[in-house]
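Visitor: Here it is: the structure, laid out below.
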Amino acid sequence: MIKKGLHSSNGDSFYLKKVCFNKHKISMRSIFKTIIIFGVLLFLSACKKEKMVLAPQWDAAHQFYLNNITTAIAYLDTLETLGADHIKAKEIFKEARVAFKRAEPFAAYLNPEAGHRANGPALPVFRDDSESFVAPIGLQKIEESIYEGNVDQSEFTREVDITKGLLTVLKKDIIKRKLSPKRFFVGTHQQLFRIISLAITGFDTPVSKLGLQEVIVSLKALKKVYTLTIQGLIKEKNSKLDSDFNTHIEKAITFIKNNPDFDSFDRYTFTRDYMNPITKDWVAIRKASDLWDGKNIFPFNFDAPTFFEQDAWNITYFTPPINRNASKKQIALGKKLFFDPKLSANGKMACVTCHIPSKGYTDGFKVSMDNNGGQQIRNTPTLLNSVFQQSFFWDGRSQTLEDQITSVFKNKQEFNTNVHQFSNTILTDTLYKPLLIEVFGKVPSKNTEIIKAISSYIATLNGFNSKFDKNIRGEENTFTDEEKLGFNLFTGKALCATCHFMPLSNGTVPPFFSETEKEVIGVPLSEDNKELDTDLGFYWRHKKDIHKGMFKTPTVRNVALTAPYMHNGVYKTLEEVVNFYNLGGGGGLGFDLEHQTLPFDELNLTKEEQKAIVAFMHTLTDNSVANY
């Protein structure tokens, strides 16, 4: 009865209500589940949108570079039509350079050779393959034609047309190759270096002196591409870093605007107090972005906060592949060999014979001595910081440090030994055999392994801890007013740094450091400055008149220790050297030098200014390495 009652009309009603209730429960669960899923999707979508906001937008910056290289080409088109003598030529030229400088970080990174030629010195270029010369081209040559005048219109048209061609090559590279984190960070790092080594020194614009204004262009362009790419990411990760970076750029720009005169510009203060904070920020920004680790083979240590640190340079980049990453034991072996006269045939000459640590790894003689006590023809160059070069010897006849040492081994006036046959005389020292086995796994059959070891040791003779370095890094404040003036003259009015590029202060050309400059400066035969020296230098290579008297640009770091000076040791003091340049080199002394490469005729420096430059050069002595 009871069971039958469940099927009564009342029971059916009860059953239906129960079913409906259960369905309602199921429906509610579905709704709640749907709401939860929808909420999760909304959350994920929001996260995705947030990530999209923070992700670097490379396309916009890529377009910025492309637009500016296109604009630079358009201005050159106009300039070609107007001609060098047109009233608006200088104005159009300035705008062309502005557009080029905005595009330069990416364009020159993609094609260093075209980038350098587009904005390189207005000098003929010699082609090794054809042994022919290419007439000066590029923006600096166009600048010279416009500002100095007296240029034939057809010649000017050729200069502009070829320069347009270079920029067109750069444009094609930009179109084909997209901006990426590595390209962005390396290109920007190189541009920051250009500011301190090329722009503020007058190298970029030697005639118009537009360099300081172009620093403002470069800094504003950096701020622009930073805003277009990674600013959102950096603000999210470190808002103070973002704020500091923008503030430091604005302060640097303001400093230049308040001090626009090229000759009186305080490069010391600008570099230390305005550029260094920007480079420190940039290193921190790269690390914070976590987009590229900087671990690549480039000249720079991308983790160094300034370009003046002891570890600012990547030694591996400057070392031939066959001798990279030398072990400490190989370096120690090289040091022992460096001081050992048993390497030479007569047992009287060691590397240290001509490269004495206390004399800045030179010998103090006018010209070096041979293995019999006689005189050779040239002054002994320093080995300090010598690894940062792309050619060796005064005449550039060796391309690597290993080649240079090999030449010493083979030279009959020096070691006079066969590099292909190991000298067993050194094994009379019982310490050598176990050292050789430990480093090379055996006693070498050739001196080439010995040369590698010596090269490894020489590559460690580097120092960036001089009084200058400590002051420019802001670690101490001991620079005198005279030393500060000397630095500002060296990197400005006196144009020293347009050949001795800061901060390496040698002739290896920044920011790619793939070549070391050679110059014709007209060094006299004797200190009375009456006769040109007859040493032809680099002329040996191609027998071209333009190379007569051409020599490698040496470093001026530790120069106070390395007297006498010049390739022939003609000058005993730095004062004499500065006076030589002040007079205009050999051309200023009255020598017939059609191909002199100095970027000036005479400097018109006062006695006080010359004295200040000498005082500054004394601050480049690094005693920690000079007595190594």
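The values are calculated or read from the model by the stated rules, or taken from the named source; none is laboratory data. Keep in mind it's a predicted model, so treat the numbers as computed, not measured. Backbone-built Cβ (ideal geometry, glycine too); neighbour counts: all protein chains shown. The accessibility values were calculated without ligands, DNA or RNA, using every heavy atom of the protein model including side chains. Shrake-Rupley method; radii C 1.70, N 1.55, O 1.52, S 1.80 Å.
Visitor: Solvent-accessible area of PHE551, probe 1.4 Å, all protein chains present, reported in Å² to the nearest ten, please.
Guide: The accessible area comes out at roughly 20 Å².
Visitor: Note the direction-averaged projected area, equal to a quarter of the hull surface, for the Cα convex hull of the range 209-274, in nm².
Guide: Hull-based average projected area comes out at 4.5 nm².
Visitor: Here's something else I'd like to know. Given the peptides 212-222, 494-504, 428-438, 522-532, arrange them by the average over their residues of other C-beta atoms within 10 Å, most packed first. Don't skip to the answer; put the middle values down first.
Guide: Values: 212-222: 20.7, 494-504: 23.2, 428-438: 12.9, 522-532: 15.9.
The densest-packed peptide leads the list: 494-504, 212-222, 522-532, 428-438.
Visitor: Leaving ligands, DNA and RNA out of it, rank TRP540, TRP282 by accessible area with a 1.4 Å probe, largest first.
Guide: TRP540, TRP282
Visitor: Report relative contact order for the chain in percent, whole number only (criteria: Cα-Cα under 8 Å, sequence separation at least 6). Intermediate values should be presented prior to the final figure.
Guide: On the way: 979 pairs, mean separation 75.2, N = 628.
Reported as a whole number, the value is 12 percent.
Visitor: Okay, next question. Convert 4 °C to kelvin, take the viscosity as 1.567 mPa s, use the Kirkwood radius over C-alpha pairs of the range 124-196 as Rh, and evaluate the Stokes-Einstein diffusion coefficient in µm²/s, rounded to a whole number.
Guide: Details: Rh = 14.9 Å.
After rounding, the answer is 87 µm²/s.
Visitor: Ok, one more. What order, most packed first, do the peptides 357-365, 382-390, 470-478 have when packing is the mean number of other Cβ atoms within 10 Å of each residue? Intermediate values should be presented prior to the final figure.
Guide: Working: 357-365: 19.1, 382-390: 21.9, 470-478: 14.8.
So the peptides 357-365, 382-390, 470-478, ranked by packing, come out 382-390, 357-365, 470-478.
Visitor: A further question on this structure: Could you sort the peptides 455-465, 323-333 by per-residue average Cβ neighbour count (10 Å cutoff), highest mean leading?
Guide: Values: 455-465: 21.9, 323-333: 16.2.
The densest-packed peptide leads the list: 455-465, 323-333.
Visitor: Per the Kirkwood formula on distinct C-alpha pairs, the Rh of the range 515-584 is how many angstrom? Please report the intermediate quantities before stating the final value.
Guide: On the way: mean 1/r = 0.0775 Å⁻¹.
Its Kirkwood hydrodynamic radius stands at 12.9 Å.
Visitor: Continuing with the same structure: Show log10 I(q)/I(0) for the range 477-526 at q = 0.15, 0.18, 0.21, 0.24 Å⁻¹, two decimals, from a solvent-free Debye sum over equal Cα scatterers.
Guide: -0.54, -0.71, -0.83, -0.92
Visitor: Separate question: Semi-axes of the range 316-475's equivalent ellipsoid from the Cα gyration tensor, sqrt of 5 times each eigenvalue, largest first, rounded to whole Å? Walk me through the intermediate numbers first.
Guide: Working: eigenvalues 129, 88, 43 Å².
Semi-axes, largest first: 25, 21, 15 Å.
Visitor: Normalised by the number of residues in the range 356-406, what is the relative contact order in percent for Cα pairs under 8 Å and 6+ residues apart?
Guide: Details: 50 pairs, mean separation 12.4, N = 51.
Averaging sequence separation for qualifying contacts and normalising by length gives 24 percent for the range 356-406.
Visitor: Oh, and also: Just list whichever of LYS182/LYS452; LYS90/LYS257; LYS90/LYS518 have alpha carbons separated by over 27 Å in the model shown.
Guide: On the way: LYS182/LYS452 33 Å; LYS90/LYS257 21 Å; LYS90/LYS518 31 Å.
In this structure, LYS182/LYS452; LYS90/LYS518 lie more than 27 Å apart at Cα.
Visitor: Kindly identify the range 584-628 as rounded, prolate or oblate by the Cα gyration tensor criterion: order the square roots of the eigenvalues as a ≥ b ≥ c, call it rounded if a/c is under 1.5, otherwise compare a/b with b/c, prolate if a/b is larger, else oblate. Don't skip to the end; give the middle numbers.
Guide: Details: a/c = 4.08, a/b = 1.87, b/c = 2.18.
In terms of gyration-tensor shape, oblate.
Visitor: Given contacts defined as C-alpha pairs under 8 Å and at least six residues apart, what's the relative contact order of the range 373-494, whole-number percent? Before the final figure, lay out each step's value.
Guide: Working: 86 pairs, mean separation 27.9, N = 122.
23 percent.
Visitor: Then there is this: Between ARG127 and SER180, how many nm apart are label points set 7 Å from Cα along the C-beta direction?
Guide: Going by the 7 Å Cα→Cβ label model, 3.1 nm.
Visitor: In 10 Å bins starting at zero, report the fraction of Cα pairs in the chain per bin as a rounded %.
Guide: In order of increasing distance, the bins hold 3, 14, 22, 23, 16, 9, 4, 2, 2, 2, 2, 1, 1, 0, 0 percent.
Visitor: Kindly identify the range 153-291 as rounded, prolate or oblate by the Cα gyration tensor criterion: order the square roots of the eigenvalues as a ≥ b ≥ c, call it rounded if a/c is under 1.5, otherwise compare a/b with b/c, prolate if a/b is larger, else oblate. All intermediate terms of the calculation are to be shown ahead of the outcome.
Guide: Details: a/c = 2.74, a/b = 1.24, b/c = 2.21.
Oblate.
Visitor: Around GLU250, under 15 Å between beta carbons, what's the net of Lys plus Arg minus Asp minus Glu among the other residues? Present the calculation step by step, with values, prior to reporting the outcome.
Guide: Numbers: positive: LYS220, LYS223, LYS224, LYS251, LYS257; negative: ASP242, ASP244, ASP273, ASP281.
Net charge in that neighbourhood comes out at +1.
Visitor: Enumerate the aspartates and glutamates that LYS240 could reach by cross-link, defined here as Cα to Cα under 15 Å, with residues fewer than 8 away along the same chain left out.
Guide: Correct list for LYS240: ASP281.
Visitor: Answer rounded, prolate or oblate for the range 56-148, using the Cα gyration tensor with square roots of eigenvalues a ≥ b ≥ c: rounded when a/c is under 1.5, else prolate when a/b is larger than b/c, else oblate. Let's see the in-between values first.
Guide: On the way: a/c = 2.78, a/b = 1.16, b/c = 2.40.
Oblate, because a/c is 1.5 or more while a/b does not exceed b/c.
Visitor: Pull up the cross-link candidates among the lysines for LYS607, meaning alpha carbon to alpha carbon under 23 Å and not fewer than 8 places away within one chain.
Guide: Correct list for LYS607: LYS484, LYS493, LYS530, LYS572.
Visitor: Roughly speaking, what is the stretch gain from GLU475 to ASP403, that is 0.36 nm per residue apart minus the C-alpha to C-alpha distance, in nm to one decimal? Don't skip to the answer; put the middle values down first.
Guide: Working: separation 72, 0.36 × 72 = 25.92 nm, distance 3.84 nm.
That works out to 22.1 nm of additional length.
Visitor: Taking a point 7 angstrom from the Cα of GLN153 along the C-beta vector, which residues in the range 78-111 have backbone N less than 16 Å away?
Guide: Only 78-89 pass the distance filter.
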